[in-house]
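Read the structure below first, then the notes.
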Amino acid sequence: MSVIDSYLDTLFAPYPDSSRMRSARIELRAMMEDKQQELMDRGHSEAQAVGTVIAEFGSLEEVAPVLGIDREIGAATSPRFGADGTLAEDVRTDPVLDTDRAHQYVQAVRAAQPISAIAIPLFVLSPVPLLTLIAFTSPDTDPASWVVITGLVLLLGAIALGVLLLFVRGARLADYEDISEGRFTPAPTLHEYTQELRRTHRRSSTFTSAAAIALWILSAVPILVLGNLRQDGMLPLLGVCGTLLMVALGLLIYIHGTWVDSAASTLEQETDDLPETSRSPVVRVIAAVFWPLTVAIYLGWSFVTGDWGSTWVIWPVAGVLYAALWAANSALESVSRP
């Protein structure tokens, strides 16, 4: 082990082993090695260069603003761990999360994940009954009142069921609310536990992610094929239904199959990229009203113009916009992730 590595071990030992602190250590090590090489190029010996680098960089508090870890090392929020890995000085209110409780949380997430895997696709599938009824009863004319009412009742019922399922999932994980919200201090052994968890389930997570992505890529096929076969009438509406079904199936596979990544990300104090569970309240609100609002726009446009055979185009446009929302949320999470 190099002198710089030993110095960094001592420097970072008092602080929690979070993903942000590990990234900061890697960044600081690179900065110190670059400075050491610069000094050696000027004629300093290795020992002189190392001594100068350590003297220049000083304490971690001094370089915290550059590394962006002010909050992590603040005196009011930084726990102190002893050599045996136990909390030597309790200087923050967040409890230490050990591997035993982390394992209990992982098992709870595993049991509750199927609920999310059903709830979120329901939001995507909610317009399907309405579109199917219109396609089979009045594809080229204004739909009858009973068709619209029945379709809207089924749409709202699907959304209500999805919300109810999410409440049920929340109730099942209520005992682990502090973990879900990141209000804990990682024990020194927690990172090893999460890495082993990811390694154990890497193959299944990779397979399910690939299957879901393939479905999302192919989800445009029903609209493209059925829409080109006939520009108005039943087929385009059925194509939209097929696209929504494939998107929902991809979500079901992805959410159900990546429960390990979801749990591990929480334990690593990271976040997932789903708009519905974003840390940004604005993104969560947009995601909650997105599909119901799309339905409202579709119905309003269709009733005003009477062109039911063409207004279906709003659905692929909505799909692209939702994908943009997902990408924007991913970018926001990566920027704000500690």
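The values are calculated or read from the model by the stated rules, or taken from the named source; none is laboratory data. Being a predicted model, the structure only gives us computed values, none of them experimental. Positions of Cβ are generated from backbone atoms using ideal geometry, with glycine treated the same way; all protein chains shown enter the neighbour counts. Note: accessible area is taken over every heavy atom of the protein model, side chains too, but ligands, DNA and RNA are not part of it. Shrake-Rupley method; radii C 1.70, N 1.55, O 1.52, S 1.80 Å.
Leaving out ligands and nucleic acids, and using a 1.4 Å probe, what accessible area per residue does the range 100-249 come to in Å²?
51
Using a 1.4 Å probe over the heavy atoms of the protein chains, calculate the carbon and sulfur portion of the accessible area of the range 200-261 as a whole percent.
Working: 2310 of 3170 Å².
Its accessible area is 73 percent carbon and sulfur atoms.
Take the Cβ atoms of Val304 and Ser138, set R0 to 22 Å, and the FRET efficiency comes out at 0.85.
Keeping the other protein chains in place, figure out the carbon and sulfur percent of the accessible area of the range 13-67, with a 1.4 Å probe. Present the calculation step by step, with values, prior to reporting the outcome.
Details: 1510 of 2920 Å².
Within the range 13-67, the accessible surface is 52 percent carbon and sulfur.
Only alpha carbons enter this Debye calculation for the range 122-217, each as an equal point scatterer, and the log10 of I(q)/I(0) it gives at q = 0.13, 0.20, 0.23 Å⁻¹ is -0.78, -1.06, -1.10. Compared with the alpha-carbon gap, the fully stretched path from Ala160 to Val66 is longer by 29.1 nm at 0.36 nm per residue.
In this structure the amide hydrogen of Val96, modeled in the peptide plane, comes within under 5 Å of the amide hydrogens of Thr185, none closer than 5 places in sequence on its chain. Placing one equal scatterer on every Cα of the range 164-228 and applying the Debye formula, the log10 ratio I(q)/I(0) at q = 0.15 Å⁻¹ is -0.83.
How large is the translational diffusion coefficient of the range 101-160 in µm² per second when you combine the Kirkwood radius over alpha carbon pairs with Stokes-Einstein at 10 °C and 1.306 mPa s? Value of D from the Cα-based Kirkwood radius: 117 µm²/s. Rounded to the nearest whole Hz, the Karplus-based 3J(HN,Hα) values (6.51 cos²θ - 1.76 cosθ + 1.60, θ = phi - 60°) of the range 160-172 follow the sequence 4, 5, x, 4, 4, 5, 5, 5, 4, 4, x, 5, 5, with x at glycine and proline.
Sequentially through the range 143-155, phi angles give Karplus couplings (6.51, -1.76, 1.60; θ = phi - 60°) of x, 5, 4, 5, 5, 5, 5, 4, x, 5, 4, 5, 4 Hz, Gly and Pro residues having no value and appearing as x.
With r defined as the distance between the Cβ atoms of Glu192 and Ser23 and R0 fixed at 22 Å, what FRET efficiency is calculated, to the nearest 0.05?
Values: r = 17 Å, r/R0 = 0.78.
The calculated FRET efficiency here is 0.80.
The slack between Ala296 and Val3, meaning 0.36 nm per residue of separation minus the straight C-alpha distance, is 99.0 nm.
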